[in-house]
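Okay, structure first, notes after.
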Amino acid sequence: MIKIGLTGGIGTGKSTVSSILKNEKIKIIDADCIAKEVLEKNPQILEMVRTQFGSGFFDWKGEFRRKEFGNHIFRFPKQRIKYESIIMPYIKQSIESNIKAYEKKCEKIVIIDAPTLIENNMHEEMDYIILVYADNSVQIQRVMNRDKLTKGEAVSRINSQMPMEEKKEYANIIVDNNADLIETQKQVYDLIDFMKLIC
């Protein structure tokens, strides 16, 4: 089975590309969905969060204030690394289980959609890496519009991630998502043709 890593940066449009692939019935393992699942299935993760980050990120009912916590770890990269060191082993384990399940079903190709694929060294286990790319100015505008952030907040979120130029060095295939949806769709359909060739 061929494993393809799909990654990008905040505001590059990785989710758009992932949705097109999903609509074309390509099997996708979504790391963001898995992150939510592992939090629900493993209450010990949130206990570690409470211990290491304080109870300020939990409301009076004990519910995890995900958005506030997300904003906090984006502002402080060391805190994000600390959180990822807690949750990543669970995410990786779940991704591995999903891959094995698809292998048992004799799937020919699976895509692992993960924003921090490269940062967490998951790219080493992939046969190909697809990077969804957008210029910095386009990223900033999209993040401001989507998340209702100021320019400064958008820039700090983008800067908390590995620079796109650095990610390019790991990519076998680059989807340029600077233009409109039609242009992106064309590239993704070319990509699907390529996938049919390799499997």
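The values are calculated or read from the model by the stated rules, or taken from the named source; none is laboratory data. Fair warning: this is a prediction, and the values are worked out from it, not measured in the lab. All Cβ positions, glycine included, derive from the backbone under ideal geometry; neighbour counts span all protein chains shown. All accessible areas refer to the heavy atoms of the entire protein, side chains included, with ligands and DNA or RNA removed. Shrake-Rupley method; radii C 1.70, N 1.55, O 1.52, S 1.80 Å.
A few notes on this one:
- V175 satisfies every condition listed in (1) open to solvent by 20 Å² or more (accessible area, probe 1.4 Å); (2) outside any helix (DSSP H, G or I) except (1).
- Residues of region 87-106 that are among the charged types (D, E, K, R) and touching a residue at least 12 places away in the same chain (Cβ under 8 Å): K92, E103.
- Top-ranked residue of region 99-153 - restricted to ones that are among the aliphatic types (A, V, I, L, M) and farther than 18 Å from T12 by Cα, ranked as surrounded by the fewest Cβ atoms within 10 Å (Cβ to Cβ): A101
- Residue within region 139-156 that is more than 30 Å from E68 (Cβ to Cβ), touching a helix residue (DSSP H, G or I) at 6+ places or on another chain (Cβ under 8 Å) and touching a residue at least 12 places away in the same chain (Cβ under 8 Å) present: no
- Checked against (1) surrounded by 12 or more Cβ atoms within 10 Å (Cβ to Cβ); (2) within 30 Å of F194 (Cα to Cα); (3) without any contact (Cβ under 8 Å) to a residue 24 or more places away in the chain, H72 passes all but a single condition, namely (2).
- Condition met for P77 (at pLDDT 95 or above and either open to solvent by 60 Å² or more (accessible area, probe 1.4 Å) or under 19 Å from I10 (Cβ atoms) (or both)): no
- Just one of the listed residues (I112, I118) is touching a Ser or Thr at 6+ places or on another chain (Cβ under 8 Å) and either assigned to a loop (DSSP other than H, G, I, E, B) or not small (G, A, S) (or both), namely I118.
- Every condition in (1) in contact (Cβ under 8 Å) with a residue 60 or more places away in the chain; (2) closer than 29 Å to T150 by Cα holds for E84 except the one numbered (1).
- For region 24-53, a tally of residues being β-branched (V, I, T) and either assigned to a helix (DSSP H, G or I) or closer than 22 Å to K78 by Cβ (or both) returns 5.
- Residue match in region 16-23 (condition: of a type outside the set (S, T, N, Q), in a loop (DSSP other than H, G, I, E, B) and touching a residue at least 40 places away in the same chain (Cβ under 8 Å)): no
- Scope region 3-26; condition open to solvent by 70 Å² or more (accessible area, probe 1.4 Å) and either in contact with a helix residue (DSSP H, G or I) (Cβ under 8 Å, 6 or more places away or on another chain) or not basic (K, R) (or both); matching residues: S15, N23, E24
- The listed residue being assigned to a loop (DSSP other than H, G, I, E, B) and either out of contact with any Phe, Trp or Tyr (no Cβ under 6 Å at 6 or more places or on another chain) or modelled with pLDDT under 95 (or both), out of G56, G11, G70: G11
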